[in-house]
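Nothing in this text is a laboratory measurement; each read-out follows from the coordinates by a stated rule. Owing to the predicted nature of the structure, the values given are computational and were not obtained by experimental measurement. Virtual Cβ from ideal backbone geometry, glycine too; neighbours counted across all protein chains shown.
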Amino acid sequence: MRVCLVKQQGCYDLYTEVGDDVRRLAPSTALRSGPLGLWEWPGAEVTFRVVADCDAPECRRGPAEWAPFVAGKEFPRYQGVPDDPAAVDWDQYDIVVGVDVAVPEEVVRRHPGVLWCHYFIEGGTWGADEQWADAPQHGYNVFLTQRPARQALDRRSPLVRRFARTRRARLDVPYYLLSDQTLQRIYGGRGGRRQGVCLASTSRPVASARLRRELAARGPLRDGYRTPAELHAAMVASRCFVVAPGTPPRTGGALVDAVAAGCVVLAPRSAVRSFTDLLVPWLEFEDEEGLLACLDLLVTDPARWAQARAWQAHHVRRCFWELPLRHLALLR
């Protein structure tokens, strides 16, 4: 199985290097970890390409959505020469996964033997029902919804049987396509034992001085990271990833990263919009005292830490990696 992940040069997200070396690609990301779990797909050869920006209307849909959110902000960019999408031999790949519509319809339709898939960055897990309700279009076969795959499919499933007739489907494949080992494998091997806490970037403005002191007293407090690569390295070095009470609600992608880095995640349910399945029921809290009590339980009882880790790791491995890849293979 040969797989290509591709974005346009102007895309603000994902990797600023190209090729098949995931240890070089991952630290180069401009913002999110993205679907790094593709590189763990057993038997697959995966590469990342950057193509030149295209003026075709379908290729501008995604940027039109995210442009207001990145206006005035600076993100690292790929500095090499982008590929001409019309000149790439796409037939060498079994599956192409676009970030937004990276390859124009005119080119896509020249390569009917490829399984053409794409995400739209903006809209998140809600976009499939809102601004992207018409996807897939423009010759693409599969729209990837950004949602975790919670239900196993097989060849008898209605979605798979319908796809055999129409060659169109909407498939639950997360943008954070990661296993419970992905970031550990990429950033691991740096020596030392896991210690302390990594604080979510969204919690920096709301974490009180007292909470910071209490977290630091339970091991090193890691919150000084500046880049995504530094954040991921901080996660790999920590035992727990913490979202502080009072943090504004977010989708929860950083929680998936943290589990993929080997942490136990602690977050108030009120701060997580989409991925609340990752929250361990017996580690729920809504205030600082509750958070510290959960931390103390995990610090003083290694068996409870291991139990929480296994619970979260199983969910990420199955719903964010195993099932999505199995379902893509079914459609191929």
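The angle between the Cα long axis of helix 57-70 and the longest principal axis of the Cα atoms of the chain comes to about 20 degrees, rounded to the nearest 10.
Quick one: work out the % antiparallel among DSSP beta bridges in region 2-146, nearest 5. Percent antiparallel among DSSP bridges in region 2-146 is about 5. Volume of the convex hull of region 182-315 (Cα atoms only), normalised per residue: 99 Å³. By the compact-protein rule of thumb, 2.2 N^0.38 Å, the alpha-carbon radius of gyration of the chain corresponds to a ratio of 1.01. Think of it this way: in the chain, Cys4, Cys11, Cys117, Cys198, Cys240, Cys263, Cys294, Cys319 stand alone, with no other Cys Cβ under 4.7 Å.
Each Cα pair under 8 Å and six or more residues apart adds its separation to the average, and for region 2-146 the resulting relative contact order is 26 percent. Ordering Pro205, Leu38, Pro112 by Cα displacement along the dipole of the chain toward the positive end leaves Leu38 in first place; charges were set at the Cβ atoms of Lys, Arg (+1) and Asp, Glu (-1). Rounded to the nearest 20, the Cβ-based charge dipole of the chain about its Cα centre (Lys and Arg +1, Asp and Glu -1) stands at 800 debye.
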